[in-house]
Number of protein chains: 4
Amino acid sequence: MEGIIVIVVLRPHSSREEIESVKEILHAHGLSAMESSVMDSSMLISEGTGTSELISIVENLPAVERVVVVPGVQRLTSRVFRPENTHVRVGALTGAVFGGPEFVVIAGPCAVENVTQMNAAVDTVVGSGAVMLRGGAFKPRTSPYSFQGLGLAGLTLLAEQRKRTGLPVVTEVVTPKDVEFVAEESDMLQIGTRNMQNFELLREAGASGRPVLLKRGMSATIEEWLLAAEYLLHVGNGDVVLCERGIRSYDRSTRFTLDLSAVAEAKRLTHLPVIVDPSHSTGQPHLVAPMSLAAAACGADGLIIDVHTDARNAMCDGAQALSGEQFADVMTRLTPVVEAVGRTMAPTRAHSLASV
Amino acid sequence: MEGIIVIVVLRPHSSREEIESVKEILHAHGLSAMESSVMDSSMLISEGTGTSELISIVENLPAVERVVVVPGVQRLTSRVFRPENTHVRVGALTGAVFGGPEFVVIAGPCAVENVTQMNAAVDTVVGSGAVMLRGGAFKPRTSPYSFQGLGLAGLTLLAEQRKRTGLPVVTEVVTPKDVEFVAEESDMLQIGTRNMQNFELLREAGASGRPVLLKRGMSATIEEWLLAAEYLLHVGNGDVVLCERGIRSYDRSTRFTLDLSAVAEAKRLTHLPVIVDPSHSTGQPHLVAPMSLAAAACGADGLIIDVHTDARNAMCDGAQALSGEQFADVMTRLTPVVEAVGRTMAPTRAHSLASV
Amino acid sequence: MEGIIVIVVLRPHSSREEIESVKEILHAHGLSAMESSVMDSSMLISEGTGTSELISIVENLPAVERVVVVPGVQRLTSRVFRPENTHVRVGALTGAVFGGPEFVVIAGPCAVENVTQMNAAVDTVVGSGAVMLRGGAFKPRTSPYSFQGLGLAGLTLLAEQRKRTGLPVVTEVVTPKDVEFVAEESDMLQIGTRNMQNFELLREAGASGRPVLLKRGMSATIEEWLLAAEYLLHVGNGDVVLCERGIRSYDRSTRFTLDLSAVAEAKRLTHLPVIVDPSHSTGQPHLVAPMSLAAAACGADGLIIDVHTDARNAMCDGAQALSGEQFADVMTRLTPVVEAVGRTMAPTRAHSLASV
Amino acid sequence: MEGIIVIVVLRPHSSREEIESVKEILHAHGLSAMESSVMDSSMLISEGTGTSELISIVENLPAVERVVVVPGVQRLTSRVFRPENTHVRVGALTGAVFGGPEFVVIAGPCAVENVTQMNAAVDTVVGSGAVMLRGGAFKPRTSPYSFQGLGLAGLTLLAEQRKRTGLPVVTEVVTPKDVEFVAEESDMLQIGTRNMQNFELLREAGASGRPVLLKRGMSATIEEWLLAAEYLLHVGNGDVVLCERGIRSYDRSTRFTLDLSAVAEAKRLTHLPVIVDPSHSTGQPHLVAPMSLAAAACGADGLIIDVHTDARNAMCDGAQALSGEQFADVMTRLTPVVEAVGRTMAPTRAHSLASV
C-alpha cells in the first residue's frame, strides 16, 4: 500500500491503441496499470512511485480524460476520486434511488416464511410508506440447528411480492454459487455482516450487475468496510449502498452498538450512499424509532427495518421486529426529521395492492 | 441485590413517631429501613423479602404516601420509582432547565486559559444561542506532564463570565476536597468520565446541594452509569443530569464511539435528563454537527460542546473544539431538528454582554 | 434452541429397520430425528420436549447404545456429549496428533512466495523442531490491491515441501469451490478468522474428509466459535482443531488481544483440541515467545507460528514473522514449560531434508 | 507532549547553587526544569525543544551525573530512563521483593469480614505458600446498596493478621483523605481499577512513602497505565508494582478479558514489576489455575489471588474466590512453571501461626 495510487480515467471511445500507449508509458515508469470500468467510466488503476512530471505527461495523452492521485488506501470508493454523491437506483420505474435527496425506507420481515406472512407484512409496510421490500430466504445462522431460511422457496415467495407490489426487493446472498439465481429473483443483493470479508462472494456479487447492499462487519473498522466496497467497485460494480448495522462493544444492553458517527464519517470519506439498520443493531423494538430518527438527522440516506405482523411466532429474530403499528409510528415521526435536514421521504410507487 | 426493594415514600409533615412506627413494622418483617430524602420527598428505602401482605399493611399507615416496589438494581433513578421526567434547574432566573420541553445547549472552551480567551469564546457561543457555559479549571490529564488546568485562578475566570453574562456555568471537580469551593463558584458540578466510579467524590458532590452533570464512564454499562447516579440521589441530591460522551470500542477512527442508543435506553429506564457531548466523544470537529443533530433526534435533552475561538493554540483538546463559525452553523442546523421532535431551543437569557 | 436436545448414539451394525424404529418412536413423541455420523459413531440428533419416560424407552431399543441429553446450545462439540479429549491426527505416519500428550508446533511463512523462500523457511523450522508446516496460497486480504497469494502455484510449492519433508501441511481455504483441490494438496484445511461464520465453507470443509483448523472469529464469542465447529461435526467431520488468534479490543498496542482465558474455557467446554496463534494475534515478533510459553502453560495443545527467513521482504505480514533464530529461541524456551505442565514436545518425524 | 523530554539526573550531594545553575541554563534555552526525586536519585525533568548541543553543555556541568533523552510519553517509568528491573521491597525482613528472581504470590479474601474468616483464610494461604496477604477494608462498589467494606474495623482486622504472621499486607485505598491512615496500617497501598486515573489519589499515594500496587484500568491502554504510574514516580515514589486485572471486551464468558500480552509488553516498556490478578479478571475459580500458570510463563513477577474458605457466604465477590484446596492446587502446579522460566517461588517467611 506504499507509494502513490494513480487512477487514470479514460476518455469514452478511446481506441485500444490509445489505451495501450497509456499503459506503456505507465509501465515504462515502473507503475502497474490494471484496466477497470465502474460507474460508466473506463480507467487504469496504477500503483507505484510516480512523479508529478509523469502525471502531467499522462494527462496530456489523447485517451486520458483526467488523472486522480489518491492518497489513502481507498481508491474508487473515495471522495477524492469522485467528489459528488453517487446515486444508486434499485429497480425500474417504481424503484428507489439511494444517495439523492430522497430518504429511502426498506422494510419487511427478517425471514420469508409463507404467503400469508408475506402478504400481511408487505401490506402493512407499503401502507405506511416503505418503498422497497426486504426478506431473507438464505439465513446465515450461528447454530446449524437453527432455522436456515426457506432457500429457493423463500426466494419465490419474495419474488411474488415484488410482482404484486411493483416494488424492488433486497435479499441476502450467502455464498458465491447462489449469486446468479438470487440476482435473477431480486433487485439488490445483500451481503451480510458475517460475509463483509467473504472476498469471493464480493467478487461474484460485484460481477452480477445487481446493486449491492453491503453491511458493515460487526467488528470492521470504517477503513475495512470501505475496502470491502472497493472489492465491488474494482470489478466494475459502482452500485453499492453501505449499511451500518451495529458493532460489537462491551455493552450488551443493546444487541450491538449502533455506530452513527461511522455513518457521518463514511459519508465524508466516500461518495457511496449509506443507510442504517436500527433493528439488528439494537435488537430491541423500542429503540428502533429513536435510532431511525437519529440516523436521518446525521445524514443517512435511508433505513432497513424488520417488520413482522406476528412477531411472537416469527421463525427468526422476531424479538426485534416491529409490529405494523410500531412501523407506522416510526414513519410518522420520521417525516419531520427528514424534512428538517432538507430531504424528503421517498414517495410510494407501489401498485395498488391485491393479494397474491 | 437479592430479594425485593421497597421504597416507602412518606407523607410530608409526618411526625417522628409516625415514621418510627413504619420502620418498626418493616424491621419486624426482617426488612432494613434507611431514611433518605430526594426530590422533595422523604422516604424509607428497604431491602428484604417482603410479601404483598406486608406492603398493603405499610401502605395504610398514616405516615405513608405510597409504596413502590422496584424490581431491578436501580431504585431512585428508575422510572418505576418516578414515572415522569425530572426537571433539573441550573442557575436562577437566567438559568436552564434540563428534562423539560426545552433543548439546552452548553458551550465553551475545554479549559479556561485567560480573560481574552474566555471573553472571545463566551461572546461567540452566547451570540449563537448557548444558554449555559462550560470551562475546565481542574483538568484530569492522562500524563502528569500535561497542562492540568489553572485551578483556582481558572475558577475565578469562569465566575467572571458567569457574572458578566448572568448565565449558569458548569465546571469539573476532580477530588472530594475541592467540592465545596467549586460548588461556591459554579452552578453545576461536572463529574468526568474517569471519575464516574470515584464513589467518595460522588458522595461529596451529592451532598453539595449543587446540580451534578454525571458523565458516563468510558467503559461503563448503562446499569453502572445509573448506579453511579444512584449514589448521588441516595444522599439526597435529585438534581442529576446524565451525559453520554462516547465509549471505548475497537474502532479508533473516532476518539470514542458515541453510543446514542444508550441515550434512548437511559431515557427509557430513568426519569433523569440525558445530554450528549459530541466533542469529546468524536474528537473531530466535522462530526460535531451530525452527532448533535442525531442526539436531538433520538431524544437527548441537550448538548455540551467545546468551542475555542483559537483552537490551534488551545492548551487542551484544541483539535476537537469548534470555531465560533462552526458552532453557529451547528445551532442553525439544530433548530429545525429540535422542532421536528416537538421541542424548542431554550431561549437565551443572557445579559447584554460587555467585556469583563 | 428451546426444549431439550437428545443425542441417540446408535450401536454399530444396527439394521436399517432397527434405526427406523427408533426414529418412529421419536417422531411419535414430536421430536425430530436427524441422522448423523461423527467420530466413528452413528447417531440421531433430536430436538423437542421429550420426557425422561421417553428417554428410558429409547435407551432400551435394540439399535441404541446410549442416549445423551445436552443442556446447552452446543451438542456434538460439548464435553457433555463426549467427556474425553478428542485426538485429531493430521497426516500419516510422520504426522501430528493434536489433543493428546504431545504439544504440537506448526510453523512456516504466512504466504507461500517461491521455492527459495519455502526451502529456507522449512529447513529452519524443521531444524528447530516444528512437526507440521504452514503456508498460505490463498490469502484473504482487506484490500483488493494487496497481494492475494499465489493460488494454485502456491499450493504446488507447499505440496513440494510436504513431499520433501514428509511433514503434514495446513493451508487456508477461502471459498467453497476451492475446498476439493486444496484438500487434495494438503493435510489440513484452515478456516481463517474472517470465514469462521462462512457457513457454506464450513459445510464444504466438513464434508471434505480432511481435518480442519478453525480459527476463532476476531469478534466471536466462545459460544459462536464452538457453534461454528458444530457445523463441521454436524456434517460428520470430527477432526476439528480450534485456534485462538486474538480478538478485537479497544487496545491497539497489540494487533489483536490474545484471549488465553478463552483457551482454558474452550478446553473445559469442548473435547476438541485448541491451539494458539501468537503471531497474528500480537502482530509483534517480541511477543511471540512470551505468549507461546503462556499458551503452553494454560493448557493449549499446540501453536501455529509465522516464520520467514527474510521478513523485511515478505509479501504478507512480514512485520510479525519470526526469524529462524527467534523461532529456535522460542522452541528452546518452550520445552521446559511444556514439561512443567506434564506434556512433551511432539518429536520431529521429518525425512532428512534435501532441497527440492 | 511535543518536543523532547530531557531528564537530568543530578549527582548526589550537589549544592543548591550547582543545581540552580543547571536550571538556569535549561531555562535560558527555553526548557522547563521540574525538580523530582525518585529511586534514590534527584533529577530535573525538562520539556522543550533542546538541541544536542545543549545536552552536551548540560552533561558537563558539575551537578550533572547523566542526561537521558526519552522519546515517548513515558519518562520515569520507561526502560529508556532505567534499563534494569526495579526491585520493589514490601514489608521488612519477612517481606516480599517484586521484580527480582522470586515469584511472589499474594493471597487472601476479597473483603475483610471478621476474625474467624481472616484466621481461616490466612492460615490456609500461608500454609500453601503465599508470602503476602490481601484483604479489602474499603470496597468500591458499583451500587450504593452493596456491602462497602468494614472500613476502619476491617483495617484493624487486617493489621492483626499482619502482626500474627509477620507477613506484609496490601489493601485498597479509595480516596485521598484515607491514604494516611491506610498507609499506617498496611505495607502496600492498592489503587483499584476504577481509580487508576483518580489523579489526586495517585498524588497522595505517591507521597505516602508506601509501595503502591497499581491496577490497570478496565479500559486503559498500556500507555495510560504507565502514565498513571508516572504520576506516582513523578512525586518521588519509585516503589510501584503494576497489576493486570482484565479489560472490558465484547466477550462476557469471562468477567473481563485477561490481557497477558499486556504483561509481556509492559515488562518490555517499563522497569517496574508487573503482577497478574487471575481472580477478578476471569471471575471464575476454574480459570484461576490455568491463568496463573500462563502469567508465570509469560514473565509476570507474581500473582494476587482471592481465597475464601467459605466462598458461598462471602460478602463480596465470593463466586470467584478459590477454596483453600483450590489455592493449594494452584501453588503446586505453579512451582514447576515458575522454575521452567528460570525463577523460584518466593519462600515463606511467616511466623509460626497462632490464632489472634
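Could you pull out every residue, at least 5 positions away or on a different chain, whose amide H is within less than 5 Å of the one on B:L322? Hs are placed 1.01 Å off N in the peptide plane, and Pro or chain starts have none.
Amide H to amide H, under 5 Å and 5 or more residues apart or across chains, B:L322 pairs with B:D306, B:V307, B:H308.
Would you mind giving the mean number of other chain beta-carbons within 10 Å of the Cβ of each residue in D:242-252, as a whole number?
6
Partner chain Cβ atoms within 10 Å, averaged over the residues of B:214-220 - can you pull that number for me?
4
For segment A:4-70, report the accessible area per residue in Å² (1.4 Å probe, heavy atoms, rounded to an integer).
Result: 51 Å² of accessible area for each residue.
In square angstrom, what is the accessible area per residue of segment A:88-345 with a 1.4 angstrom probe?
In whole numbers, segment A:88-345 has 26 Å² accessible per residue.
Given axes a ≥ b ≥ c from the Cα gyration tensor, I'd like to know whether segment B:88-345 is rounded (a/c under 1.5), prolate (a/b larger than b/c) or oblate.
It comes out rounded by the Cα gyration axes.
Tell me, what HN-Hα J-couplings in whole Hz come from the Karplus equation 6.51 cos²θ - 1.76 cosθ + 1.60 at θ = phi - 60° for each residue of segment C:227-239, using x for Gly and Pro?
5, 5, 5, 4, 4, 6, 5, 4, 9, x, 9, x, 8
Could you list which residues have their amide H under 5 Å from that of A:M188, counting only those 5 or more apart in sequence or on another chain, with H placed in the peptide plane?
For A:M188, the qualifying residues are A:V169, A:T171.
If contacts are Cα pairs under 8 angstrom and at least 6 residues apart, what is the relative contact order of chain A in percent?
18
Can you compute the FRET efficiency between B:E84 and D:T156 using 1/(1 + (r/R0)^6), with r the Cβ-Cβ distance and R0 = 60 Å? Round to the nearest 0.05.
So the FRET efficiency works out to roughly 0.80.
Explain nothing, just compute: Karplus ³J(HN,Hα) = 6.51 cos²θ - 1.76 cosθ + 1.60, θ = phi - 60°, for every residue of segment B:254-271 in order, whole Hz, x for Gly and Pro.
Karplus values, whole Hz, x for Gly and Pro: 10, 4, 9, 9, 5, 10, 6, 5, 5, 5, 5, 5, 5, 4, 6, 7, 10, 8.
Would you mind pulling out the separation of the Cα centroids of segment B:131-191 and segment C:263-284, in Å?
The distance from the Cα centre of segment B:131-191 to that of segment C:263-284 comes to 49 Å.
List the residues, sorted by chain then number, that are 5 or more residues from D:T270 or on another chain and whose placed amide H is less than 5 Å from its amide H.
Excluding prolines and chain starts, which carry no amide H, the hits are D:R79.
Rounded to the nearest 0.05, what FRET efficiency do D:F181 and B:E65 have when you use their Cβ-Cβ distance and R0 = 51 Å?
Once rounded, the FRET efficiency stands at 0.75.
Given label points at 7 Å from Cα along Cα→Cβ, what nm distances, shortest first, separate A:R89 from the same residue in every other copy?
6.0, 6.4, 8.4
I want the local charge near D:D259. Using Cβ-Cβ distances under 10 Å, sum +1 for each Lys or Arg and -1 for each Asp or Glu among the other residues.
-2
Just the number, please: carbon plus sulfur as a percent of the accessible area of the protein assembly as shown, 1.4 Å probe, no ligands or DNA/RNA counted.
Carbon-and-sulfur percentage of accessible area, whole number: 51.
From the square roots a ≥ b ≥ c of the eigenvalues of the alpha-carbon gyration tensor of the protein assembly as shown, which class results: rounded (a/c under 1.5), prolate (a/b over b/c), or oblate?
rounded
Along Cα→Cβ at 7 Å, what distances in nm separate the B:S15 label point from those on the other copies, shortest first?
Relative to the other copies, B:S15 has label-point distances of 8.3, 9.3, 11.2 nm.
Using θ = phi - 60° and the Karplus curve 6.51 cos²θ - 1.76 cosθ + 1.60, what whole-Hz ³J(HN,Hα) does each residue of segment A:276-283 get, with Gly and Pro shown as x?
10, 10, x, 7, 6, 5, 7, x
Before we go on, tell me the buried accessible area for the B/D pair, both chains summed, 1.4 Å probe, in Å² to the nearest 100.
Approximately 2900 Å² gets buried when B meets D.
What are the GluC sites (Glu not before Pro) within segment A:78-169 that DSSP puts in a loop, where the Cβ has at most 13 other Cβ atoms within 10 Å?
A:E84
Based on DSSP, what percent of beta bridges with both residues in the protein assembly as shown are antiparallel, to the nearest 5?
So the antiparallel bridges in the protein assembly as shown amount to around 45 percent.
Once both labels are modelled 7 Å past Cα along the beta-carbon direction, what's the B:E325-A:T116 spacing in nm?
6.4
Using per-residue counts of other Cβ atoms within 10 Å, averaged over each peptide, order B:11-23, D:188-200 from highest down.
Ranking, from highest mean packing down: D:188-200, B:11-23.
Could you tell me what percent of the DSSP beta bridges with both partners in chain B are antiparallel, to the nearest 5?
45
Distances from C:P101 to the same residue in each other copy, label points 7 Å out along Cα→Cβ, in nm, shortest first?
Ordered by increasing distance: 3.2, 7.9, 8.2 nm.
Which value at 222 nm does chain A reach when only helices count, each DSSP H run of 4 or more adding -39,500 (n - 2.57), with the total divided by all residues and rounded to the nearest 500 deg cm²/dmol?
-10500 deg cm²/dmol
For peptide A:225-237, what's the mean number of Cβ atoms from other chains within 10 Å of each residue's Cβ?
Rounded to a whole number, the mean comes out at 2.
So how much slack lies between B:D40 and B:T348, counting 0.36 nm per residue of separation and subtracting their Cα-Cα distance, in nm?
Once the chain is fully extended between B:D40 and B:T348, it gains 108.0 nm.
The values are calculated or read from the model by the stated rules, or taken from the named source; none is laboratory data. Every value quoted in this text rests on a predicted model; they were computed, and no experiment measured them. When we count neighbours, we look across all protein chains shown, and the Cβ atoms used for this are built from the backbone with ideal geometry, even at glycine. With ligands, DNA and RNA removed, areas are computed over all heavy atoms of the protein, side chains included. Shrake-Rupley method; radii C 1.70, N 1.55, O 1.52, S 1.80 Å.
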